[in-house]
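The values are calculated or read from the model by the stated rules, or taken from the named source; none is laboratory data. The structure displayed is predicted, hence computed values, not measured ones. Positions of Cβ are generated from backbone atoms using ideal geometry, with glycine treated the same way; all protein chains shown enter the neighbour counts. Protein only, heavy atoms only, side chains kept; ligands, DNA and RNA dropped before computing areas. Shrake-Rupley method; radii C 1.70, N 1.55, O 1.52, S 1.80 Å.
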Amino acid sequence: NRIRIKRHCAITNIFGDSVEIEQLKGRSNLFQIELGHMRGSDFGFNRYLLDSREFTPILHGLSIDTRFRFEATSGDMLAQKMEFLGGPNSLPAFYQNSIEGNRMLLLNTEVRLSLNMLSSFFRSPDFNLIIYNDFGKMGLASDGESILQGFQFSGASSILYNYGIGLGWTNGIQIGASWRTDIKTDPRVMFRLERPF
């Protein structure tokens, strides 16, 4: 199912100015199974995907948006059916598709603050300061293991994490920077034409 409602309202910001803000409210859930066993084919696989998104206004002008994604492929290891992490739509501080496997967990969170709440100067109801927190775990399971196996958890250090900050519109362009926490490196600058979820 898919429910995403845009809330647009006029309120008073922290300095007493009358401003307009826009926030998303609702949820979206997707469950998908791909059965790739064809008669006469040398390859066979099953692929499972769960994607759950939540858009939650906390206060006027302050929202927490989250996405949880699970992917698993069983059977033959076809390159085009592998799961990937890294890049602006999963872990933006990592290079695009730099981590691969056949089991994947991803949790993205965005804390969004309408800049109209800080100043009437912006005059854009959907322009936000965004704080990113992204968590990922990739696994490699052998054939015959359950889709819930193969993640090889070995404490918090086995979970990839990056954080970042950016500016963007509720349904549009975003620019920002993200930092890895597993190694010391320069931040990666990201530019998106639309939000990641």
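Numbers at a glance
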read-out	value
Among residues of the stretch 137-158, those that are open to solvent by less than 70 Å² (accessible area, probe 1.4 Å), in a loop (DSSP other than H, G, I, E, B) and touching a strand residue (DSSP E or B) at 6+ places or on another chain (Cβ under 9 Å), counted	6
Residue check for E83: in contact with a Ser or Thr (Cβ under 8 Å, 6 or more places away or on another chain), closer than 17 Å to I165 by Cα and of a type in the set (D, E)	no
Members of the stretch 119-136 that are touching a helix residue (DSSP H, G or I) at 6+ places or on another chain (Cβ under 9 Å) and part of a strand (DSSP E or B)	F127, N128, L129
Candidates N116, N97, N108 - the one that is in a helix (DSSP H, G or I) and either open to solvent by less than 50 Å² (accessible area, probe 1.4 Å) or without any contact (Cβ under 8 Å) to a residue 40 or more places away in the chain (or both)	N116
Subset of the stretch 60-80 that is hydroxyl-bearing (S, T, Y) and modelled with pLDDT of 90 or more - its residue that is farthest from the chain's Cα centre (by Cα)	T73
Residues located in the stretch 5-22, provided they are open to solvent by less than 70 Å² (accessible area, probe 1.4 Å) and among the polar types (S, T, N, Q)	N13
Scope the stretch 159-171; condition of a type in the set (F, W, Y), under 16 Å from P187 (Cβ atoms) and open to solvent by 70 Å² or more (accessible area, probe 1.4 Å); matching residues	Y163
Within the stretch 23-59, considering residues that are among the polar types (S, T, N, Q) and under 22 Å from the mean Cα position of the chain (by Cα), the one surrounded by the most Cβ atoms within 10 Å (Cβ to Cβ)	Q23
So N128, is it buried (at least 17 other Cβ atoms within 10 Å of the Cβ), at pLDDT 95 or above, polar (S, T, N, Q) and farther than 23 Å from Q96 by Cα	yes
